[in-house]
Each structure stands twice: as structure tokens, then as C-alpha cells.
1. What helices (runs of 4 or more DSSP H) completely inside the range 250-359 contain at least 1 residues that are more than 30 Å from Arg64 (Cβ to Cβ) and polar (S, T, N, Q)?
2. Modelled with pLDDT of 90 or more and more than 49 Å from the chain's Cα centre (by Cα): which single residue out of Ala183, Ala193, Ala259, Ala251 fits that description?
3. So which pairs qualify, if the first residue must be in the range 366-381 and farther than 14 Å from Leu548 by Cα, the second must be basic (Lys, Arg), the Cβ gap must be under 9 Å, and the two must be at least 6 apart or on different chains?
4. Does Ala72 qualify as being under 23 Å from His260 (Cα atoms), at pLDDT 90 or above and part of a helix (DSSP H, G or I)?
5. Please go through (1) of a type in the set (S, T, N, Q); (2) under 16 Å from Leu293 (Cα atoms); (3) exposed (fewer than 15 other Cβ atoms within 10 Å of the Cβ) for Thr594 and return the number of the only condition it doesn't satisfy.
6. Examine the range 662-673 for a residue that is surrounded by fewer than 14 Cβ atoms within 10 Å (Cβ to Cβ), closer than 28 Å to Ala686 by Cα and touching a residue at least 24 places away in the same chain (Cβ under 8 Å), and state whether such a residue exists.
7. Being among the hydrophobic types (A, V, I, L, M, F, W, C), in contact with a Phe, Trp or Tyr (Cβ under 8 Å, 6 or more places away or on another chain) and at pLDDT 85 or above: is that true of Val816 here?
Amino acid sequence: MSTEDHPAPRSLAEALRGRDDTALGALLRSRPDLITPVPTDLTQLATRAGTRASVVRALERLDRFALQTAEALAVAGDPASYDELLGLMAGDDRDPEVAAALPAALAALREQALVWGADDRLRLVRTARELLAPSPQHPSPTGLGPSVREATAGMSPGRIQEIVAAVGLPSTHDSVSAVQALAALFTHRKKMARLLAAAPAESREVLERLMWGPPYGQVTHDPAARLRWLLDRGLLLPTAPGTVVLPREVALHLRAGRAHRAPEPVPPAVTAASAHRPQVVDATAAGQAYTALATVEELLTDWNEGGPPVLRAGGLSVRDLKRTAVALDLPEPVAAFWVELAYAAGLLASDGEADERYAATPAYDEWLERPAPERWALLAQTWLTATRTSGLVGGRDAKERALSALGPGLDRSAAPEVRHRVLALLAALPEGAAPDPEAVLARLRWERPLRGAQNAPGAPGQRPEEDLRARLARWTLAEAELLGMTGRGALSAHGRALLGAHTERTPRTEPHGPGDKLPFHHHRAPGALEPLSPAEQAVAAAAAARLLAPLLPEPLDHVLLQADLTAVAPGPLQRPLAAVLGVLADVESKGGATVYRFTPASVRRALDAGRTAADLHAFLAAHARTPVPQPLAYLIDDVARRHGRLRVGAASAYLRCDDDTVLNEILADKRAVPLRLRLLAPTVLASQADPAALLDGLRAMGYAPAAESADGDVLITRADAHRTPPRTPPEPVPDGPPMPDATLLSAAVRAIRAGDLASTAPRRPADPAAPPPAPGELPRTSSAETLATMQAAVLTGEALWIGYVNAEGAASQRVVAPVRVEGGFVTAYDHTADEVRTYPLHRITGVAELADD
């Protein structure tokens, strides 16, 4: 049954006027672009709902069956009855599954103001009909061609009469009645069956090839006999020289009344490809979550002293991405994912210097201080809502420009919705079940069949048949595994908790029975999400962190020292221990156990950072479960003994040493020639190289010099010295207007109702002898009449209709209930704005009472 209260609305505005506030709010929720800004009345709302941009957006959010229903209405009569629509969707045999799902689909189209009218006069909004109806330039998705009336529009009356005679119909006095008789014949099942039974087999084969579309074919100047038989009887009609079309009525008869070859009332099921014990899934996902944290930390530690430079056009160069991938021991696409995730989380940014480079932000240091589960929750929540898409890195944009990591052009507004929807489908499976990726893609295609038009160009390795949403879904499955949201393809418990606040708001997509009451979102946007408040996000993150915490390994406070100058960390290390060990030794291998190697360069690095030999010996003794090997103790003492004997300062650069024999040795070394050294004093050498080059050159020669300040003090270098100024994470690019919350919806509905009351309600002028103002016309009364009417309304509490011109000269109509009149101002409750306002009387053009209905 129709959801409209008005028995016979004559326009979409009238149909909207017959809705209650709940139904009107459902429309505004499903199509948020209609309240940006809030319409002044229902007529403006209906006009906006029929604009091309808004209709296209609404159609893109229909599922396949609702879209098929709209496509059927586009080729049906205008208006069409419910029985006609049912015949187009369910066919002559009235497919029970289609018939059961059709009321829900039709109700969804009505809810979104794409269809209006009672069941006996269903009307698809004109813009949607124009978009979905067949034409030679834009064939219908149904594969149907034009009707007989449309196809014969340019045909001569004589030719029409010849066709009428050929099919055995009596001649008529005009072409209009002849075309009507021909169309009636083609829609009459028994007569049409007799006509086709007499057709040659070759002619029937032609009809069968055109039956499901495209309905157009090419013919020569002298058609073959099988085509001539069809052309003589109007079963094929010419549309242009050399082109013929199968009329819609003929195709529908051949299809047994169906508009679509395969209606899809039920969404494809997401099947499980494999199943694992939930404990195994959670443990696997937790291990990957720990790896994710370690990878981001390793990335930003590598960029601590200033990362790669920023390209002039923005972003990371291909060479620097390759270097980062090698440093992380990852493929380049995976390295790009971690770089983009750290950027989206606000952990890295450009430093903004003249020689602009990427570096960690102060937020990174704060992130490091948080417990591991909370750090992971921040990364995962950032990924869920980010619109930057690392999968596009390496491809090209619409202008054939290369897309680089951290560069422009990587935002895709559909990414958050697709990620949430894919994970919601995983959450609907039994715990431990991993989905078949192709089943996930099939479900997404059913839920948003038109969104494939958003095919972003240039993704590397892109399958030519895949649209943007399909690629986003594949990337989501891979990235969720990298991040630890899933384990072995199945959604983990902590991933489910992080998604929980979102999935609770996700509408169900299963078709309803004819009598079911529809929720707001049904058949519109499966997976569409209401925005979460910061408090809700915090609750979801805390729940996920609690579940993840017991699964993460406990950080260790010790290492195992070995005689070959290596140390083995049998698990994750506590942060202070890992930080010091990362300076004192080089990472040789990673995995379940990390192997560190001590070298002269790494020990010198620790000494440069301000540590002494005694500090290093005490550190190793405190954190080693095995005795400190003698070779390691000798290495530390040897490097420390030579460290700082040479001092490099700025002259351009100078080199001083208390032992003049060392300086003489350096002067005699041929490797020192590029440094251009000369003796200034027995203990001082001067160089034309800058201090940094002099330090590097001497270290390459095997010495251990130390830099000193102008005061003669040793300069201590810190590995984490470089940070960007405070930076805010990049804002996600919204996918259209944001979904309104309940407060905004309620205010918008009240404002529209009040504005509509002001523009349509009958009014009584203040002067009984004056004619009532026409709808839309501002009331005109004298100042005295306006004042008297206002004062009377204060006493009676009645609402008034006023015309008002603001300070910018913009005129508007309002419905107000005056509360107080004094000092040239009227204070009134404005029903349009839903608040109390004060208006200067001299800006009120006139006033009229609202007439009783």
C-alpha cells in the first residue's frame, strides 16, 4: 500500500505535504543534500529533490533491486499502476520471491522521494525517468527500446497504415489511432502469440537476438527476407537510415513481461572460504598488531634525524619510497601503506623548513608514551576513517600525473564507507570464519551497483573490469590483515570491538516481507554510517584495547649477549631498553627474536650521544642475562679510549689533539688529502672542509673524532632531535554532505513545516475589505494596522503570518506568535526558525491572520 496520506497528490510537493514528521525526517536523513541549506518550504524541498545532481546521488545509493524497480518504472507508463510494475518485475508467472520483495523496494523509493503517488498512479520523478529511460544515446539498463509510439513518431502516415494492414488490423482515419491499435496488438498476449507463430524461424531468431538488448540493429538498403517480414509487420521499426529497433512492447512479450533478464531481490550471501578457532584468529591478529606498531616505530625512528625531502609538487619520490621499503624490508605498496597511515594519524608531516623534509611530529612522542593496545587502537581507528588511499600510489590521475605517497590526489571519499561495510560483512559471519573475497565483492556490487561509475584511473595492477569500490574492498581485506584487524582473513575480537559502535548503526539489508515496517535506511545505503561522537569513538577504542592487551607479548627487560659481538632479544623489549640498545648496536635481523650487532661505529654512536664507557658497561651488566663477553668489553673500552682525542670545531674547521703524533700521522696519511689540512700549531690542524665533512672523513680513516662547541665542550648528538612543529592530521574528504543528527533533523523538519505553513496556509488580511494575499506574496499593511494586529495577537496568543525584510534587503515570509510589543520592536516565537526572536516593526511589510481551515 502507498505510504502517502494524501489520496491523490497532484505533485511531489503535495505528496511530501501529506507525510508526517517521521517520514519527512526519513527523507532528509536518506538524502542529506536536501537540507544543505534547509529549504524554506516543501515546494522548495520538492524542487531540490528533483534536481539532476540530487537524483543522481540518490540513485547511486540504491541497491540493485531498488534500482531495478526504478528502471522498470522508467519504461512503464506514466503514471503506472502497482500491477503494471509487478508484471514488469515478476513477469507473467509472478515470481513469488520478486513479488514478496517489491513492496519494500517501492517503499524505499517513496521514502527517498524518487517515486510518489498512490499504488494506482505511481510516478517516477521526471529527472530519474530521464536518466533511466532508454534512448539511442543512452540505452536503458533493462535493454528495452522505445515504445511503438516513440519509435513511429517520425514515420509517414501511409507507412503506418501499411503496417496496420500487414498485421491484420482495420485501417484507421488517423495515425494516432493506428499506432494505438498496433501497440494494443503487441501487448495482447494471445494475439501476439498467433502473430509470432506465423513468423519464419529465421525472423524469430532475429527477435531473440535483440530481445534482451541492445535493441538496435543494422540493416542494408535491401533487407533480407527474414528482416523484411519483421519490418512489414512493425516488429522492427526504423529509427534512422540503416538502423532498426525492437519496440518495447514486442520485447516485453518475448520476455514474458519481464523488464530485467534476472531480477535480484535477495542480496548475494557472503560465504565463508575457511574457518578457524577464534583463539587462533585473535592470536594471529594480535601478533600482526604488534608487528604494525613495530613497523610504524621503525619507520619514524629511521626518519628521526630528518626524513626524505618533499617533492616540489608534494609527496615522496619513487626513489625515497624504494629506500624506505628496503629499510623496512617490505614491498613498496606495503611501505606506502604504513607511510600513509602514519601521516593520517598525525605522527609524521613536513617540517616546513626551507629545505623541506618529512619528519616525526610531537604527537609521535606522545603516541610512544601510551600503552601498546592504545597505540594500536589509534592507528586502527585512523585507518577506518581515513580517505587517503595508499593503493593508488604508483598509479596516475585523470591528467596522467603520477600519484606519489604523501602526495595530493590520494583521497577517495568512498574509502571509509567501503572499509566499514567490508568489515561489517565479516562481523556478520560466525566467529573465526574468513570470507570468500569474491563473495564480498558480489555483495558490494549488489548494494551499490551504480557506484561503479566512480572508477578512479591509474591504480597499479588494477583489473580492468573492477571499479573503485571493488578495488577499495580488496585493499581493505589486505590492509585489515596487515593492521591486525583480522587474523587469517577472519575478523578478530578486538577488531569486532573497534567496529562495534559502527556496526550497531548499520541498517539491515535483507529484504522485508510485504507487511514489514521499513527502517529509514533500508534499500538505500547498506553500510551507511551515522557520524560517531568523540565519546563513542573513545568507548570503542577502549573496548578494543582491553581485548587486545592480554594477547600482546609482555615487553622484556633483558637481552642475551653472545661472544660474537651480538645480542639477542628473545621478544619485544621495554621501550627504554630498546631505545638505548638501538643506539648502541645495529639491528642485524628481525623476527620472533631480534639480533643486534655491536660495531665500532655503533659504539661510537652511543658515545656521541653522551654516554661514557662506564655507562655502557653498567647498562649491559644490568640488562644482560648472560655475562658481558670479553670481546664486547674490549670493543667498548677501545672505542672510548680513542673517542674524543681528536676535536673538530669551526674555522672553516679545525682539528685539535693533545697528542701531536696523532696529528702528524693524519697529515702524512694520503687519505687526508681531500680534507686539505695544514698545521697551525703542534696540537691544531686547520681544514678548508666544513666540520661535518671533516668528521665524516676522519671516521672513514678509522679515527673517532668528537665535535666540540665554541666553548670547547663536546657536542652531544641525539638521534631523536628533529621534530616538526605541531601538526594536525589531514582531514578526511567527506563523501557529500554529512548525515544530519537527530537535533538537526528535528529543527529542519520544524523549519520546513513552518515555512510551508507561511507560504500555503489561507490568510485573513487585517482589513476585512481587502482581498487576501496570493500564495507567495508578502502581506502589505500600514504601520498602524501592523501594530494593532500584533498587539491583539499578544492578548489572544494566535499565530500570525508576516512579511519581513532584513538589513541586507532579503525578503522572507514567517509564521510568528507575538509575545511582547514595545519600543518599536515585536518579540515573538518564530515557528520557522523554532526560536524566540525580536523584529523591528519598521521592517515588517505587513501582517495577516492565519485563516481557519
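1. 278-302, 318-328
2. None of the other options fit; the residue is Ala193.
3. Partner pairs satisfying both residue conditions: Trp367/Arg375; Leu368/Arg375; Leu368/Arg575; Glu369/Arg575.
4. Yes: the conditions hold for Ala72.
5. Unmet for Thr594, out of (1) of a type in the set (S, T, N, Q); (2) under 16 Å from Leu293 (Cα atoms); (3) exposed (fewer than 15 other Cβ atoms within 10 Å of the Cβ): (3).
6. Looking through the range 662-673, at least one residue is surrounded by fewer than 14 Cβ atoms within 10 Å (Cβ to Cβ), closer than 28 Å to Ala686 by Cα and touching a residue at least 24 places away in the same chain (Cβ under 8 Å).
7. Judged against the criteria, Val816 is not a match.
Here is a yes/no grid of residues against (1) in a loop (DSSP other than H, G, I, E, B); (2) exposed (fewer than 14 other Cβ atoms within 10 Å of the Cβ); (3) of a type in the set (Lys, Arg); (4) in contact with a strand residue (DSSP E or B) (Cβ under 8 Å, 6 or more places away or on another chain):
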position	(1), (2), (3), (4)
Thr781	yes, no, no, yes
Thr789	no, no, no, yes
Arg814	no, no, yes, yes
Pro818	no, no, no, yes
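The values are calculated or read from the model by the stated rules, or taken from the named source; none is laboratory data. Just so you know, these numbers come straight off a predicted model, no measurement behind them. Because the Cβ atoms are built from the backbone with ideal geometry, glycine has one as well, and the counts that use them run over all protein chains shown.
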